[in-house]
1. How many residues does region 228-256 contain that are over 21 Å from GLN73 (Cα atoms) and in contact with an Asp or Glu (Cβ under 6 Å, 6 or more places away or on another chain)?
2. Going through region 117-146 one residue at a time, which ones are farther than 23 Å from CYS216 by Cα and assigned to a helix (DSSP H, G or I)?
3. Going residue by residue through region 107-126, is there one that turns out to be over 19 Å from GLY62 (Cα atoms) and without any contact (Cβ under 8 Å) to a residue 12 or more places away in the chain?
4. Going through SER153, SER147 one at a time, which residue ends up being hydroxyl-bearing (Ser, Thr, Tyr) and under 15 Å from the mean Cα position of the chain (by Cα)?
5. Identify the single condition in (1) assigned to a helix (DSSP H, G or I); (2) touching a helix residue (DSSP H, G or I) at 6+ places or on another chain (Cβ under 6 Å) that VAL67 does not satisfy, given that it satisfies every other one.
6. Would you confirm, using the coordinates I've provided, whether THR41 is under 27 Å from ARG245 (Cα atoms), of a type in the set (Ser, Thr, Tyr) and either surrounded by 18 or more Cβ atoms within 10 Å (Cβ to Cβ) or modelled with pLDDT under 95 (or both)?
7. Working carefully through the options SER179, SER227, SER204, find the one that is among the small types (Gly, Ala, Ser), crowded, with 16+ Cβ neighbours inside 10 Å, free of Cβ contacts under 8 Å to residues at least 60 places away in the same chain and over 26 Å from SER82 (Cβ atoms).
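The values are calculated or read from the model by the stated rules, or taken from the named source; none is laboratory data. Nothing here was measured: the structure is a model prediction, and the numbers come from that model. Backbone-built Cβ (ideal geometry, glycine too); neighbour counts: all protein chains shown.
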Amino acid sequence: MTRRPARLAVLLVSALLMGGCFSESSGRNDPTDRSLLVGQTCADLVVLGARGSTQDPDLNFGVGTEVRLTVEQLARRLHQRSDTTLRIEAIRYDSSKTATLEAYQDHVARGARMMTSRLDTLGQRCPDSRFALVGFSQGAQVVHAASVDVSASEARRVALVAMIADPRRNPSDDIVQWSYAAAPVTGHGRLGSGTPIDPDLRRSAIALCVEGDEICNDQGAPGGPPSATHKHFYEQESSARATARQLDRILARSGV
C-alpha cells in the first residue's frame, strides 16, 4: 500500500521532466519537424537563413523565430503540391548588439560574405539542389547585400531571395514588394534605400514589409528602438503563413 503512491510520484516527476524536455526543444531541432525539414545536406531546396539583431544563434535552428516559422509554413505548402525536400541552414554571422553603425554594417558585410561563400560551396557540392536566401531585419540586410554579389552561374540556382523587414529596403527596386495589405508601403528602409537586386536574381526576389514597421518603412530620420510591430508582427502564425504564401509563389515561378 505504501509503495504505490511513491511509484506514482516517481512517474509524475518523470512525466513533468519529459514535458519540460519537449517544451525546451520547441524552436530547436525538434523531432516533430523532421517531416517538414530534412537533414541531408543536398536537399531539393536548401534555405540559407539569417537571423535578426541579437537573436539567439542556438534557438530556432539559428535563423530566428520569424525565418523558422516562415520556412516551416513554406515547407507545408510545398509538400501539398510536390515531394520537394527542404533543409534549413543558418548563416552564423555576428548579429550581437553593437555600439556604432559602423560595427553593425561590418557585421552585415561579413554575414553577406559568409552567405555567398556557403552558396558557392553548396552549389559545387550539390549539383541538383536549388537554393533560397531568407533573412529577417539585420538578416534581411545580409541577404540583400549577398544578393548583390552572387555570380551569374550561382544566380541560376537561386530560386528565392526573401528579405523580411529589410533596413535597406528599396521601394523603387524592380522586384516583388509585399506589404500584407492592399496598399503598398512607400517608405525606404531605416538605413536608406539599398542597392538594387542583381538583375539575374530579380525574378526570384521579394521584399516584405508591413505598415507600422519603421525599420523597413521609415518615414523620417533614423533613430529610436524598433517598434513592437517590427519585433512581433512577423513571428505571428498568421503572418508567417501569409509570408510563406508569397514565398511559395516565387518558388513556383522559379520552377520549384
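1. Step one: list which residues in region 228-256 are over 21 Å from GLN73 (Cα atoms), which gives 228.
This time we only want the ones that are in contact with an Asp or Glu (Cβ under 6 Å, 6 or more places away or on another chain), so: none.
Going through region 228-256 one residue at a time, the tally reaches 0.
2. Applying the first criterion (farther than 23 Å from CYS216 by Cα) to region 117-146 yields 117-131.
Within region 117-146, SER117, ARG118, LEU119, ASP120, THR121, LEU122, GLY123, GLN124, ARG125 qualify.
3. Our first condition is that a residue be over 19 Å from GLY62 (Cα atoms); within region 107-126, this holds for 120-121, 123-126.
Checking the rest, the ones that are also without any contact (Cβ under 8 Å) to a residue 12 or more places away in the chain come to 121, 124.
Checked against the condition, which is being over 19 Å from GLY62 (Cα atoms) and without any contact (Cβ under 8 Å) to a residue 12 or more places away in the chain, region 107-126 yields at least one hit.
4. Working: SER153 fails: under 15 Å from the mean Cα position of the chain (by Cα).
The match here is SER147.
5. All conditions are met except number (2).
6. Values: under 27 Å from ARG245 (Cα atoms): yes; of a type in the set (Ser, Thr, Tyr): yes; either surrounded by 18 or more Cβ atoms within 10 Å (Cβ to Cβ) or modelled with pLDDT under 95 (or both): no.
Against the criterion (under 27 Å from ARG245 (Cα atoms), of a type in the set (Ser, Thr, Tyr) and either surrounded by 18 or more Cβ atoms within 10 Å (Cβ to Cβ) or modelled with pLDDT under 95 (or both)), THR41 does not qualify.
7. Values: SER227 fails: crowded, with 16+ Cβ neighbours inside 10 Å; SER204 fails: over 26 Å from SER82 (Cβ atoms).
None of the others qualify; the one that does is SER179.
Conditions (1) surrounded by 18 or more Cβ atoms within 10 Å (Cβ to Cβ); (2) modelled with pLDDT of 95 or more; (3) under 20 Å from ARG68 (Cβ atoms), marked per residue:
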{"residue": "ARG113", "(1), (2), (3)": "no, yes, no"}
{"residue": "ALA132", "(1), (2), (3)": "yes, yes, yes"}
{"residue": "GLN138", "(1), (2), (3)": "yes, yes, yes"}
{"residue": "VAL142", "(1), (2), (3)": "yes, yes, yes"}
{"residue": "ALA146", "(1), (2), (3)": "yes, yes, yes"}
{"residue": "SER151", "(1), (2), (3)": "no, no, no"}
{"residue": "ALA159", "(1), (2), (3)": "yes, yes, yes"}
{"residue": "ASN170", "(1), (2), (3)": "yes, yes, no"}
{"residue": "GLY187", "(1), (2), (3)": "no, no, no"}
